[in-house]
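The next block holds one structure in the form of structure tokens; read it before the comments.
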Amino acid sequence: MQLVIVAALLALAAAAPQSTSDREAYIITDERTDNGDGNFAYQFETSNGIYSQRTGVPGSKGQSNMQGSERFTFPDGTVAEITYIADENGYVAQSPLIPTPHPLPPHVYELLRIAEEQRAAGITFN
């Protein structure tokens, strides 16, 4: 789900009306290394503030483990940055832009505690 949100945010930024500076943006950095053994690094930056970087190493289950970040500027000037890790445990993105669920009300924690006590005592409900 987080990947979908990140992709939507990036698509939104790309589809936003471009200012003159966006149309005239140029590449500042484009560095890529691939050792051919699953280890790689990538960094890309443009003059209008778009930035992407990631590194990868072979994972324990044959996949590529990656970590990196993406950064761009919204039309209102707000800078968006997303960092992520993708490995055997899945994809985890972090950003203040990613919505999070509201915290549970205190009584729910009490009900969960009671239910756990009942399970430990062997009480079941069918």
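The values are calculated or read from the model by the stated rules, or taken from the named source; none is laboratory data. Computed from a prediction, not measured in an experiment: that's the story for all the values here. Ideal geometry is used to build each Cβ from the backbone, glycine not excepted, and the neighbour counts take in all protein chains shown. Just the protein is used for accessible areas: all its heavy atoms, side chains included, with ligands, DNA and RNA removed. Shrake-Rupley method; radii C 1.70, N 1.55, O 1.52, S 1.80 Å.
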Quiz prompt | Within region 76-95, backbone nitrogen closer than 14 Å to the virtual label 7 Å beyond the Cα of S60 toward Cβ | solution = 87-90
Practice problem: Just grab the label-to-label distance for F44 and T78, each label 7 Å out from Cα along the Cβ direction, in nm (one decimal). | Solution: 2.5 nm
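Considering only DSSP states other than H, G, I, E and B, which chymotrypsin sites (Phe, Trp or Tyr not before Pro) in region 58-126 qualify as loop sites with at most 13 other Cβ atoms within 10 Å? Can you show the working numbers first?
Details: sites: F72, Y84, Y91, Y109, F125; in loops: F125.
Passing both the DSSP loop test and the Cβ count: F125.
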Quiz item: GluC sites (Glu not before Pro) within region 34-99: which are DSSP loop residues with at most 12 other Cβ atoms inside 10 Å?
Solution: E88
Practice problem: Please give the solvent-accessible surface of R119 in Å², to the nearest 10, using a probe radius of 1.4 Å with every protein chain present. | Solution: 140 Å²
